[in-house]
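Read-outs throughout are calculated quantities, based only on the coordinates presented, and are distinct from any laboratory measurement. Everything quoted here is computed from the prediction, not taken from an experiment.
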Amino acid sequence: MNAMKSGSSELFTALWLFPILAWSTGASAAGDADAAKGLIVEHCIECHAVPGYGAESLPTVDAPSFDAIAAAPETYTPARLRSFLQKPHWPMGQFRLSPKDIDNVLAFIEATRPVPGQ
């Protein structure tokens, strides 16, 4: 009986922790890359070069381009990007992204990641 109780307790703990861990790592994020485009053009393009926006996408500060971010998934992991985007950063000031906006920006970055071997 104790073994059964212990097993069900471990299962309960695992089932309770999984959604928390999945959320914190961004594993459950399902953003919309297309929905991010307006936000990116309005708020990001001034500092970050964005693929597909040509000469009008010349950054005014030394910030990584979206292509550079997408090309370095080992450096710019979804969890690291999510953590960074949850806090305003210079020169964003008080502009804050909603959790859905962050999901969408991460989906946009993921969609521009180079395919390995190509």
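Return the sequence-ordered ³J(HN,Hα) values of region 43-48 in whole Hz as given by the Karplus equation 6.51 cos²θ - 1.76 cosθ + 1.60 applied to θ = phi - 60°, using x for Gly and Pro.
Here the 3J(HN,Hα) series is 10, 9, 5, 5, 10, 10 Hz.
HN-Hα J couplings of region 74-80 from phi, Karplus 6.51/-1.76/1.60, θ = phi - 60°, integer Hz, Gly and Pro as x?
Once θ is set to phi - 60°, the couplings for region 74-80 become 6, 8, 9, 6, x, 5, 5 Hz.
How big is region 31-112 on each of its three principal axes, counting only the C-alpha atoms and giving the largest first in Å?
Cα extents, longest axis first: 30, 28, 24 Å.
How far, in nm, would the chain grow between residue 98 and residue 37 when pulled straight, counting 0.36 nm per residue and subtracting the alpha carbon separation? Numbers along the way, then the final one.
Working: separation 61, 0.36 × 61 = 21.96 nm, distance 1.48 nm.
Length gained, residue 98 through residue 37: 20.5 nm.
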